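Structure, as structure tokens:
The values are calculated or read from the model by the stated rules, or taken from the named source; none is laboratory data. None of these values were measured; they are calculated from a predicted model. A quick note on method: Cβ atoms are made from the backbone with ideal geometry, for glycine too, and the neighbour counts reach across all protein chains shown. Surface areas here come from the heavy atoms of the whole protein model, side chains and all, with no ligands, DNA or RNA. Shrake-Rupley method; radii C 1.70, N 1.55, O 1.52, S 1.80 Å.
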Amino acid sequence: MTQAQKLQALVQALLATNPFYGAKLRTAGVDRPPASIAEFHARFPFTTKSELIEDQKQHPPFGSNLTFPVDEYSRFHQTSGTSGQPMRWLDTPESWDWVVACWTRVFQRAGVGRSDRVFFPFSFGPFLGFWGAFDAAARMGCLSIAGGGMRSAARLRTVLDNEVTAICCTPTYALHLAEIAADEKIDFARSKVKTIIVAGEPGGSIPSTRSHIEQAWRGARVMDHHGMTEIGPVTYECPRRCGVLHVMEESYIAEVIDRKTLEAVGPGGSGELVLTNLGRTGSPILRYRTGDIVQRALLGGCECGSAEMALDGGILGRADDMVVVRGVNLYPSAVEQVVRSAGGVNEFRVEIRQEKSLTDLSIFIEPANGEDGAALGHRVATLLQYAFGLRIEVSAAQAGTLPRFEAKSKRWVYL
Ligand SMILES: [Zn+2]
């Protein structure tokens, strides 16, 4: 089926039995499926997160974006609620199969196959996390090992003792595991890990973070991925171009829009990623404003042979996380790239202070063993000034005092 045919079947089903989209589309004057993708873009309204949250408040506990009776649903997840109220998200077995199929493609494009042993050093909680990935790996025939409820040192031993070849975790946690290995003198020489699929934060597409992980893991290859609980697994990293994410367009309709004019942004431009998922019929989203800022690659066939939309630098950041300091727009991923490129930074934290109309930030870095904190701080400050033309205060923190994260990291702190 083409993208348009999948969309037409989806819209038909939503108009028939989905209370949320049935009402939303009719209010926007839409009472039949679109004849083409162009008509879809022209006539169908965007969906925002606040609308979904409001719908769940009005129709507790699961909201009304359910295409089928609630008894037909078998999986429950919820968002972490970092930016407010957590959202609950249900899947039918068929919708879940679609989530798993998306993850299967992520693995395939990362070169992970049935002979791999895949480990998930992650506490499997109610958010979508790596549940879909785990099911995909198991269904592909990979030996799949869950790492919930374990301390980091035990997870490292699991990796070594079971001859694990692929790991799925956040980029921060991949670095943290390497740090623990150094502290506990766990010898990485016998590690068989060749692929690390990272998700949950932008680190996989930040060149300096990525090269730190690859060095620490003895040359294992980092592959980036991103997804969202309410949408599903969205991108895979281009196997030929580091730091380029492809949107799985057989499963999604992707748009990039200008946040002010809401007009489509062409190849080479940057804006907010807007997504429609085409196979999660039980709890779908049409034209979802993800809040993620991306940069579209220039047109032209990709070296990997994919014609799917390519995003340079992966997810650059959340629109809400951008701060403007003395006229300069700063995204967390851009700051992380510079801080990590100094080398010798184990962990860091960015504190943002907003007084009247002035925004300022200061950075605390935790030096690796044997690094001189003051000299490293000076080096990071110089690099920041070179990159952004800003004088930013950088101070050294005591070893082990900054928080470490297994799930989404919270380094960007508003005071
Ligand atoms: Zn490619």
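Could you work out which residue, out of Ala16, Ala199, Ala310, moves most in a Gaussian network model of the chain, that is, has the largest mean-square fluctuation with Cα springs under 10 Å? The residue that fluctuates most here is Ala16. The mean sequence distance of close C-alpha pairs (under 8 Å, at least 6 residues apart), as a share of the length of the chain, puts its relative contact order at 13 percent. Taking the chain as a Gaussian network of alpha-carbon nodes connected by springs under 10 Å, the highest mean-square fluctuation of the residues Thr281, Thr209, Thr261 belongs to Thr261.
Only Cα pairs under 8 Å and 6+ residues apart enter the sum, and on that basis the relative contact order of segment 62-179 stands at 24 percent. Can you give the percent of C-alpha pairs in segment 68-197 whose distance is more than 26 Å? Beyond 26 Å sits 29 percent of the P(r) for segment 68-197. Figure note: Phe107, Phe127 ranked by solvent-accessible area, largest first, 1.4 Å probe, ligands and nucleic acids not counted: Phe127, Phe107.
Overall, the accessible surface of the chain at a probe of 1.4 angstrom is composed of carbon and sulfur to the extent of 52 percent. Taken along its three principal axes, the alpha carbon spread of the chain comes to 66, 54, 45 Å, from the longest extent down to the shortest.
A prolate overall shape is assigned to segment 1-68, the ratio a/c of its alpha-carbon gyration tensor axes (a ≥ b ≥ c) being 1.5 or greater and a/b exceeding b/c.
Prolate is the label for segment 250-384. Its Cα gyration tensor axes, ordered a ≥ b ≥ c, give a/c of at least 1.5 and a/b above b/c. In a fully extended conformation the segment linking Thr48 and Leu143 would gain 30.4 nm over its present Cα-Cα distance, using 0.36 nm per residue.
Between Asp183 and Val70, the distance separating the two model label sites (each 7 Å from Cα on the Cα→Cβ line) works out to 4.4 nm. Using a probe of 1.4 Å on the protein chains alone, the accessible area found for Ser152 is around 20 Å².
Projecting the Cα atoms of Ala4, Ser357, Tyr21 onto the charge dipole of the chain, computed from C-beta unit charges around the Cα centre, puts Ala4 farthest toward the positive end. Heavy-atom accessible area for Ile392, with the other protein chains in place and a 1.4 Å probe, reaches approximately 10 Å². Just report the Cα centroid separation between segment 373-415 and segment 1-64, whole Å. Spelled out, the Cα-based centre of one part sits 43 Å from the other. Taking all protein chains together, Asp116, Asp71, Asp135 sort by accessible area into Asp71, Asp135, Asp116, largest first [probe 1.4 Å].
For the cross-link pairs Lys356/Lys410; Lys24/Lys260; Lys6/Lys408; Lys6/Lys194; Lys49/Lys408; Lys260/Lys356, the ones whose C-alpha atoms lie over 28 Å apart are Lys6/Lys408; Lys6/Lys194.
When the residues Glu51, Glu393, Glu163 are ordered by accessible surface, computed with a 1.4 Å probe over the protein chains alone, the sequence from largest down reads Glu393, Glu163, Glu51.
Take Lys408: with every protein chain present and a 1.4 Å probe, its accessible area is about 100 Å². For the pair Ala9 and Thr359 in one chain, pulling the backbone fully straight at 0.36 nm per residue adds 121.2 nm over the alpha carbon distance. Taking each DSSP H run with n ≥ 4 as -39500 (n - 2.57) and averaging over every residue of the chain yields -9500 deg cm²/dmol at 222 nm. Couplings for segment 23-30, taken from phi via the Karplus curve 6.51 cos²θ - 1.76 cosθ + 1.60 with θ = phi - 60°, read 5, 4, 5, 5, 4, 8, x, 9 Hz in order; Gly and Pro are left as x.
With a/c under 1.5 counting as rounded, go ahead and sort segment 338-382 into rounded, prolate or oblate using the C-alpha gyration tensor (a ≥ b ≥ c being the square roots of the eigenvalues; past the cut-off, prolate if a/b is larger than b/c, else oblate). Cα axes put segment 338-382 in the prolate bin. Under 23 Å of direct C-alpha separation, and excluding same-chain neighbours fewer than eight residues apart, Lys192 reaches no lysines at all.
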